[in-house]
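Just so it is clear, none of the values below were taken in a lab; they were calculated from the coordinates. Note that the structure is predicted; figures quoted are calculated from it, not measured. Methodologically, a virtual Cβ is constructed for each residue, glycine included, from the backbone with ideal geometry; neighbour enumeration extends over all protein chains shown.
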Amino acid sequence: MKNNNYMKVTINKQDEKTFVVLDGRIDSTNADQFQQDVAPLMEGDNPDIEFDCTGMTYTSSQGLRVFLLLQKSVVARNGKMMLCNMNPRVKEVFDITGFSNIITIV
Amino acid sequence: MMKKRFNPIKDRSSEIVAFLMSSPDMPKDEELRFKIELSIEEAVENVVQYAYEGGIGWLEAGTKLDDKSLVLTIELRDAGVPFNPLEKDDPDITLSADERPVGGLGIFLCKSMMDSISYRYEDGNNVLVMKKRVVS
C-alpha cells in the first residue's frame, strides 16, 4: 500500500546515458529526500539524463526547486536532461512556472 | 464547513493539508483537487516555515462551500509576523535556467491555481483567503 507521501527514485546507468524512474509525489515532506536521491545526477561531465515521469503524480514548488537545481547543474556541465511521459496535471505546474521553457519535457 | 486550530505547527504541514483536503466541502474531481491541494500546501508551508520563529505558534485552517455559487473558500489564519505574501513580485518566467533564482514559486502557484486569493491583517492575525469555484 502506497502511503500519502510515497516517492521513489530509481537510477540506472546504461553506457553514457542515465535513466531515472520517478514514482509517486514530491511535496514538502519528501523534497529534501528527493534532492538527496538525485544527488548522484549532479556529478560527472556531459551528463545525459532521461527521467521517466509516468508514475509522478504531484509536485509542489519544493519539487520544482530540485528540478531547477538539477537543470542548472546539467547546463553547467554541458549536459542534457529530459523529462518524459509527464502527466498533464504535473505538466501544467511546469508550464505555469515557465519551467517548461528551461527544462526539456517530451 | 470545517475549521481547526493546529498548535504547534512545526513539521505539521502535511497533516494540515490532509485535514483541509478531507473536508466535505472539497470537490471529488481529481483535477480540481490537484490544484486545490497544491495551493493549500504552498500557503500552509509558507506559514509553517516563516510565520513564527522556530515554528512555535498556531495556524487555524478552515473551509467553507457556498451551496449556491459553488465557491469553495479556504481560510488560513496565524498570529505570526505580519506578512502579506501577495506583495511579492511574480517570478520572471522568461529567464533562462542559469538566470532563474531558486525558490519563490509557492505563492505564485497559489495565485495561478485558485480563482482569487486575498490577504488581510486583522486583530493581530495574518488572514489568507483563497477561493475556487468547484464545478468541473
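In terms of modelled amide H atoms, which long-range or inter-chain residues lie less than 5 Å from the amide H of A:M82?
Residues meeting the amide H criterion: A:I49, A:E50, A:F51.
Taking the mean number of other Cβ atoms within 10 Å as a proxy for protection, how do you rank B:23-30, A:11-18 from highest to lowest?
Output ranking for B:23-30, A:11-18: B:23-30, A:11-18.
With +1 assigned to the C-beta of every Lys and Arg and -1 to the C-beta of every Asp and Glu, and no other charges, what is the dipole magnitude of the protein assembly as shown about the Cα centre in debye, to the nearest 20?
Its charge dipole is roughly 540 debye.
Summing Lys, Arg as +1 and Asp, Glu as -1, what charge do residues with Cβ under 14 Å from the Cβ of B:R12 carry, B:R12 excluded?
-4
Pull up all non-local amide H partners of A:Y6: gap of 5 or more, or a different chain, and H-to-H distance under 5 Å with H placed in the peptide plane.
Residues meeting the amide H criterion: A:R25.
For a footprinting-style exposure proxy, rank A:C53, A:C84 by other Cβ within 10 Å, fewest first.
A:C84, A:C53
Give the calculated FRET efficiency between B:V127 and A:N87 to the nearest 0.05, with a Förster radius of 35 Å applied to their Cβ-Cβ distance.
E between B:V127 and A:N87, to the nearest 0.05, is 0.55.
Can you flag which of A:K91/B:K131; B:K111/B:K132; B:K64/B:K132 are past 18 Å Cα-Cα?
Long pairs (Cα-Cα over 18 Å): A:K91/B:K131.
Just rank B:S112, B:S96, fewest to most, by other beta-carbon atoms within 10 angstrom.
In increasing order of surrounding Cβ atoms, one gets B:S96, B:S112.
Indicate, rounded to the nearest 5 percent, the antiparallel portion of the DSSP beta bridges found entirely in the protein assembly as shown.
Roughly 70 percent of the DSSP beta bridges within the protein assembly as shown come out antiparallel.
Could you give each residue of the stretch B:97-111 its phi-based ³J(HN,Hα) in whole Hz, using Karplus coefficients 6.51, -1.76, 1.60 with θ = phi - 60°, and x for Gly or Pro?
Rounded to whole hertz, the list is 4, 4, 7, 5, x, 7, x, x, 9, x, 5, 4, 5, 4, 4.
Taking +1 at the Cβ of each Lys and Arg and -1 at the Cβ of each Asp and Glu, which of B:F108, B:Q49, B:M21 sits farthest along the dipole of the stretch B:10-136 towards its positive end, judged by Cα position relative to the Cα centre?
B:M21
How big is the charge dipole of the stretch B:2-133 about its Cα centre, in debye rounded to the nearest 20, if each Lys and Arg gets +1 on its Cβ and each Asp and Glu gets -1 on its Cβ?
520 debye
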